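Asks: Got a structure here, written out as structure tokens. Questions coming.
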Amino acid sequence: MKTILKITVISCLILSIGSVNAQTFNWASLKDGNKHIVSANLGFEFGMTYGLGYGYQFKTRLFPIVANVEYSFPSGSNIIDDFKTKIGSQIRLIEFHNFQFSANIYGVFRRYENDLTRLVNFGSDMAGIVGYYRPKWFFSGEVGFDKAIVTQFKHSDAYKGQFSDVMDGWYKPSTGGNFYYGLQTGFSFTKNDINLRIGMLLTQDFKTTPMVPYYVQLGYNRKF
């Protein structure tokens, strides 16, 4: 029971590392010539977080795809202790007049460290977004799920001194997950986007919420 409780608590900590940081852009303002998209964001989710991202637009016969790589980290004295990286794509699946539906699919790698333990985690982040998009502005809703699939624990000597039977290694199956849902909006001018995301967090059991059950993110994109 203690081991399960410890894994649950630590999973909440590792999922708090920018679990909903994401590159957000206006599909209606994304032209064929805008192959590259660089982004930066500032958010609040369990604490202050920062993020950087790069996207490359592929124009396919079926639908546009933007391949992304993203890096986010919380504020603190040592920014390399805790971080999250995501690699995947955003795909616009449906377009009907100005209404559009897109899906985000990412693989996730996270790291978290404190005086007691160091964790590395592999997971996934998937979301669906539906909204109304115009060249100068957009408004949409999002629903997603951030999953910690497998986590490696490496405990400090101080922790082992208090709990000698603790074991390092990989813990599987899944060690936690958060659902998130909220709104996106923003406006576009020339080759720039400014966007805002706000929403709520809910743990995967649908019964509890994190200590801070909401998120806010302000982002900027430059397309070229």
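The values are calculated or read from the model by the stated rules, or taken from the named source; none is laboratory data. Note that the structure is a prediction, hence the values are computed from the model and not measured. With ideal geometry, Cβ positions are generated from the backbone for all residues, glycine too; neighbour counts draw on all protein chains shown. SASA here: full protein model, heavy atoms, side chains in, ligands and nucleic acids out. Shrake-Rupley method; radii C 1.70, N 1.55, O 1.52, S 1.80 Å.
Asks: When N is the residue count of the chain, what does its C-alpha Rg come to as a fraction of 2.2 N^0.38 Å? Intermediate results must be reported in sequence, preceding the final value.
Replies: Details: Rg = 18.6 Å, N = 224, 2.2 N^0.38 = 17.2 Å.
Ratio of Rg to 2.2 N^0.38 Å for the chain: 1.08.
Asks: Over the chain, with every protein chain in place, what whole percent of the accessible area is carbon and sulfur at 1.4 Å, could you tell me? Please report the intermediate quantities before stating the final value.
Replies: Values: 7860 of 11580 Å².
About 68 percent, which is the carbon plus sulfur part of the accessible surface.
Asks: On to the next question. Past the 14 angstrom mark, what percentage of all C-alpha to C-alpha distances in the stretch 78-150 do you count?
Replies: Numbers: 1763 of 2628 pairs.
The share of Cα pairs beyond 14 Å in the stretch 78-150 comes to 67 percent.
Asks: Tell me the relative contact order for the stretch 162-220 as a rounded percent, counting alpha carbon contacts under 8 Å between residues six or more apart. Each step should come with its number before you reach the end.
Replies: Details: 78 pairs, mean separation 16.9, N = 59.
Relative CO of the stretch 162-220 lands at 29 percent.
Asks: Summing Lys, Arg as +1 and Asp, Glu as -1, what charge do residues with Cβ under 12 Å from the Cβ of F109 carry, F109 excluded? Let's see the in-between values first.
Replies: On the way: positive: K84, K86, R110, R111; negative: E70, D125.
Residues near F109 contribute +2 overall.
Asks: If I stretch the segment between I105 and Y181 completely, what's the gain in nm (0.36 nm per residue apart, minus their alpha carbon distance), one decimal? Display every interim value, and only then the final one.
Replies: Numbers: separation 76, 0.36 × 76 = 27.36 nm, distance 1.56 nm.
Taking I105 through Y181 to full extension adds about 25.8 nm, to one decimal.
Asks: Tell me the angle of helix 2-15 to the major Cα principal axis of the chain, expressed in degrees between 0 and 90 and rounded to the nearest ten.
Replies: Taking the Cα atoms of the chain, the angle to 2-15 is about 30 degrees.
Asks: Given 0.36 nm per residue, what is the gain on full extension from F44 to R134 after removing their alpha carbon distance, in nm?
Replies: Numbers: separation 90, 0.36 × 90 = 32.40 nm, distance 2.73 nm.
Using 0.36 nm per residue and subtracting the Cα-Cα distance, I get 29.7 nm.
Asks: Now for a different question. How would you order 29-42, 57-70 from highest to lowest mean count of nearby Cβ atoms within 10 Å?
Replies: Numbers: 29-42: 16.1, 57-70: 14.5.
Packing proxy ranking, top to bottom: 29-42, 57-70.
Asks: With label points built 7 Å along Cα→Cβ from the Cα atoms of E113 and V150, find their separation and express it in nm.
Replies: 2.3
Asks: Here is a further query. Can you give the log10 of the normalised intensity I(q)/I(0) at q = 0.14, 0.22, 0.23, 0.24 Å⁻¹, computed with Debye over equal Cα scatterers of the stretch 136-206?
Replies: -0.68, -0.94, -0.97, -1.00
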